[in-house]
1. Please give every one of the aspartates and glutamates within straight-line cross-link reach of Lys26, meaning a C-alpha to C-alpha distance under 14 Å, and leave out same-chain neighbours fewer than 8 residues apart.
2. Which shape class, rounded, prolate or oblate, goes with the stretch 100-243 when its Cα gyration tensor gives a ≥ b ≥ c as root eigenvalues, a/c under 1.5 marks rounded, and past that a/b bigger than b/c marks prolate?
3. Holding the Cα-Cα limit at 19 Å, pick out from Lys82/Lys279; Lys173/Lys239; Lys34/Lys270 the pairs that are longer than that.
4. I need to check one value: relative contact order of the chain, counting alpha carbon pairs closer than 8 Å and at least 6 residues apart, in percent.
5. Tell me the relative contact order for the stretch 1-106 as a rounded percent, counting alpha carbon contacts under 8 Å between residues six or more apart.
6. Please enumerate, by chain and number, the lysines with C-alpha under 22 Å from the C-alpha of Lys5, excluding those fewer than 8 residues away in the same chain.
7. Pull up the DSSP beta bridges for the chain and report the antiparallel fraction as a percent, rounded to 5.
8. With just the Cα atoms defining each centre, how far is the stretch 131-190 from the stretch 228-280? Give it in Å.
Amino acid sequence: MKIDKAVIVAAGRGTRFLPVTRSIPKEMLPLVNKPLIQYAVEEVVASGIERVVIVAAPGKQSLVDYFSPSPELESFLEERGKAELLGEIQRLGRLADISYVIQEERLGLGHAVLTARDAVGDGPFAVLLPDDIIDSRVPVLRQMMDVFGRCQGNILAVRRIGYRETSKYGVIKPREVSPGLYRVEGLVEKPEPGEAPSQLGVVGRYILMPEVFDAISATPPGIGGEIQLTDALGFLLAKQDIYALEFEGVRYDTGTPQGWLEAQIAFAMKNPELSLKLKQYLGRLLQGSHPFRRDAG
């Protein structure tokens with residue numbers, strides 16, 4: 001079986017970034033010089049998948065516009081001789097074969113995935129949440145696809161979380177198959193610390209078999225009145241194997257202001273045009289010498 005489609009879920013409200021997300025989709029928030037959703041699309045392409053289905057909510061037209069051709073901007077850049085920027089803008093339109101599905105009602109991650117059913121078809125597919133930015137030598141989705149080549153089943157990306165963090169994640173009950181790879185024997189959505197079956201939390205990367213759509217359809221609303229993908233995967237466990245990969249890489253939860261700021265600093269420090277001056281600036285701040293203070297020098 002070959003994975004040739006990826007679903008990127010971009011339908012959240014972005015309440016933790018209000019009021020800016022009243023008018024800007026949280027997936028369009030910048031990380032250095034690119035929006036979050038571009039990192040997700042680029043990870044898909046770098047993993048060998050060319051067809052992307054973006055599940056968006058009403059009012060997120062800017063997601064569509066971003067990856068669409070922009071003749072006026074291209075003409076402007078060409079006239080000004082900005083060849084490098086022109087090439088980057090043109091590359092966006094050729095990055096992947098992107099289609100869009102609208103989730104008319106925000107009924108949870110499980111429901112968002114279900115809305116992509118017709119676009120996905122009857123083969124295995126990937127799901128990515130653009131909030132989860134993962135800095136890794138090998139794209140996390142590529143790591144998972146390599147495991148899929150051996151296991152031919154559902155695969156979840158997991159990371160070790162703190163004892164008090166379990167109520168923020170879907171948490172698996174694992175049985176280790178090989179170092180870093182587990183067979184999932186149970187899943188719990190956002191358990192309290194004393195009730196969590198492990199400290200392995202699911203993050204925003206999945207490879208799913210098409211039978212998951214029937215499982216989602218049979219899943220009643222769960223926490224928050226939403227149809228949880230974790231709950232649907234629990235139903236699917238009765239029929240199919242689910243594996244979990246403890247991936248290699250550093251994950252940033254850019255769906256929170258704290259995680260977004262941490263990612264900004266980490267990615268800017270990797271940028272040769274920004275890193276030196278940023279180090280100097282941060283050094284001054286840590287020493288208490290703010291550039292706008294009268295005694296900052």
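1. Asp131, Asp132, Asp253
2. Taking the square roots of the gyration eigenvalues as a ≥ b ≥ c, the stretch 100-243 is rounded.
3. Listed pairs above 19 Å: Lys82/Lys279.
4. Relative contact order of the chain: 21 percent.
5. With pairs under 8 Å counted, the relative contact order is 34 percent.
6. Correct list for Lys5: Lys60.
7. Bridges in the chain that DSSP calls antiparallel: roughly 55 percent.
8. Answer, in whole Å: 12.
Every number in this text was worked out from the coordinates using simple rules, so none of it is lab data. These numbers were taken from a predicted model, which means no experiment stands behind them. Backbone-built Cβ (ideal geometry, glycine too); neighbour counts: all protein chains shown.
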